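**Q** First the structure, which I've put down as structure tokens, then a few questions once you've had a look.
The values are calculated or read from the model by the stated rules, or taken from the named source; none is laboratory data. Note that the coordinates shown come from a computational prediction; the quantities given were computed from them, not determined experimentally. Here Cβ is always computed from backbone atoms with ideal geometry, including for glycine, and neighbour counts include all displayed protein chains. The protein model used for the area step is the full one, side chains on, heavy atoms only, and it has no ligands, DNA or RNA in it. Shrake-Rupley method; radii C 1.70, N 1.55, O 1.52, S 1.80 Å.
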Amino acid sequence: VLPLWRWNFSTNDLQKLQFENISVNGENIVFPLNENREISISRLKSKVSNKKADITDLQIFSGNSDLNFKGELINYWSYIFSPNQKLFIKGNLISKNLIFEDFSTGVTQEKSNEASFFPQNIAASFQGEVNHFEYGTFSSDSVSGKFLISPSLFKAHQFYLKTMEGYLATEFKLQPLNNNQLLFEARGT
């Protein structure tokens, strides 16, 4: 038996690694966003294989915001080791309080002719529910819907929003275009 420090693995070796049903549990994991803010994972419970991670409990906090996620990260292992691989996230996302700025890094993206909602090669499909949401000066006491997010599309079905002493029920899609323009289509009440 060789000590672990003497093993020599290449990225290609790790990408080909085959494993199934490994339990991953974690608590109090902290990721700094900048000198003033951090994202903290208070609890993580998951079973992982080299194909996907089944997340049964993920609690995230940043500033005054919280997120609870249950779902799957599909193809995450290959995505970690190859920039050409795609990562797909699907599941349920619930929050008591979500302030958009608590999760933004504050780093401006380089100017480009191509705008996007998500990093390249990542897409997400989830059912979401937020009791209180804030983005800049906008706030809502209730947000829910089914969402699809990719680098080139943000789409919402059965989207319900309580704000400005009223309710909005709609379906909409946003698509970034070249030259910092955004195509917005909506149908609702």
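**Q** Output the strands (runs of 3 or more DSSP E) that fall wholly within the range 131-189 and possess 3 or more residues being free of Cβ contacts under 8 Å to residues at least 40 places away in the same chain, open to solvent by less than 60 Å² (accessible area, probe 1.4 Å) and on the phi < 0 side of the Ramachandran plot, or say none. Working first, answer last.
**A** Numbers: elements: 133-135, 138-140, 142-150, 153-163, 166-176, 182-188.
Of the strands (runs of 3 or more DSSP E) lying wholly inside the range 131-189, those with at least 3 residues that are free of Cβ contacts under 8 Å to residues at least 40 places away in the same chain, open to solvent by less than 60 Å² (accessible area, probe 1.4 Å) and on the phi < 0 side of the Ramachandran plot span 142-150, 153-163, 166-176.
**Q** Name the pairs: first residue in the range 2-31 and closer than 30 Å to I60 by Cα, second residue modelled with pLDDT under 85 and in a loop (DSSP other than H, G, I, E, B), Cβ to Cβ under 8 Å, at least 6 apart or on different chains?
**A** Every condition considered, the pairs that remain are Q15/S82; L17/N50; Q18/N50; F19/N50; E20/N50.
**Q** Can you spot a residue in the range 65-75 that is modelled with pLDDT of 95 or more and aromatic (F, W, Y)?
**A** Yes, there is a match, as at least one residue in the range 65-75 is modelled with pLDDT of 95 or more and aromatic (F, W, Y).
**Q** For the range 136-189, what are the residues that are of a type in the set (S, T, Y) and touching a strand residue (DSSP E or B) at 6+ places or on another chain (Cβ under 8 Å)?
**A** Of all residues in the range 136-189, those of a type in the set (S, T, Y) come to 137, 139-140, 142, 144, 150, 152, 160, 163, 167, 170, 189.
Selection gives S139, S140, S142, S144, S150, S152, Y160, T163, Y167, T170, T189.
**Q** Continuing with this model, one more query. Can you tell me how many residues in the range 1-48 are modelled with pLDDT under 80 and loosely packed, with under 14 Cβ neighbours inside 10 Å?
**A** Counting residues in the range 1-48 that are modelled with pLDDT under 80 and loosely packed, with under 14 Cβ neighbours inside 10 Å gives 21.
**Q** Okay, moving on. Which of the residues belonging to the range 77-97 are closer than 23 Å to N28 by Cα, outside any loop (DSSP other than H, G, I, E, B), in contact with a strand residue (DSSP E or B) (Cβ under 7 Å, 6 or more places away or on another chain) and open to solvent by 30 Å² or more (accessible area, probe 1.4 Å)?
**A** Within the range 77-97, I89, N92, L93, I94 meet the criteria.
**Q** Kindly provide the set of residues from the range 49-72 that are part of a loop (DSSP other than H, G, I, E, B) and open to solvent by less than 90 Å² (accessible area, probe 1.4 Å), ordered by number.
**A** Passing the criteria: S49, N50, G63.
**Q** On the basis of being at pLDDT 85 or above and among the acidic types (D, E), does E134 make the cut? Lay out the reasoning, then the answer.
**A** On the way: at pLDDT 85 or above: yes; among the acidic types (D, E): yes.
Spelling it out, E134 is indeed at pLDDT 85 or above and among the acidic types (D, E).
**Q** Right, here's the next one. Those residues that are farther than 26 Å from Y135 by Cβ and charged (D, E, K, R), I need them from the range 55-80; list them, please. I'd like the intermediate steps shown before the answer.
**A** Kept after step one, since they are farther than 26 Å from Y135 by Cβ, are these residues of the range 55-80: 56-57, 72, 74-80.
Correct list: D57, E72.
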